[in-house]
Amino acid sequence: MTSRPVTAQHLRDLALLRRVRDRIDREYAQPLDVEALARGVNMSAGHLSRQFRLAYGESPYAYLMTRRIERAMALLRRGDLSVTEVCFAVGCASLGTFSTRFTELVGVPPSTYRRKAAGATAGMPPCVAKRVTKPIRSREAPAVAQS
């Protein structure tokens, strides 16, 4: 088994990718696209997407949507906002896209999640609730019967 020596350029690219990931974590509710993220680190959008996927296992867009859905889950658990209000609060411009992506990651539509999850994490520390309710890919999500 041979391993490629870590080059200075590779380390610089990893640092830039970390900056992109941190920006997504901070600015998830802002309008972000791969081109804007790439411009921020002086990379082409294609190169950023390929390198981000290699480093983190998913595209920058998928990572952004996962962050938005995580935040949406927390807002929906609170129960004081409608699904539409949550959609726009987390930076999604389309309720349809938000609902589709939410369902793919969580396994149930946002309205069902809101109805069932409101009391599910009551009394649980927020850091534990976030870990327990972390969204997963649909191929990993268990099939949930909708009622």
Within segment 35-48, tally of residues that are surrounded by 19 or more Cβ atoms within 10 Å (Cβ to Cβ) and part of a helix (DSSP H, G or I): 3
Count of residues meeting criterion [among the aromatic types (F, W, Y) and modelled with pLDDT under 95] in segment 38-61: 2
Those residues of segment 71-106 which are acidic (D, E) and in contact with a Leu (Cβ under 9 Å, 6 or more places away or on another chain), in sequence order: E85
Test: R78 is under 21 Å from G107 (Cα atoms), under 12 Å from the mean Cα position of the chain (by Cα) and assigned by TED's automatic domain parsing to the domain that holds R115: no
Residues of segment 81-111 satisfying the condition of being of a type in the set (A, V, I, L, M) and either within 15 Å of the chain's Cα centre (by Cα) or over 20 Å from M124 (Cβ atoms) (or both): V83, V86, A89, V90, A93, L95, L105, V106
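The values are calculated or read from the model by the stated rules, or taken from the named source; none is laboratory data. Everything numeric in this text was worked out from a predicted model, so none of it was measured. Here Cβ is always computed from backbone atoms with ideal geometry, including for glycine, and neighbour counts include all displayed protein chains.
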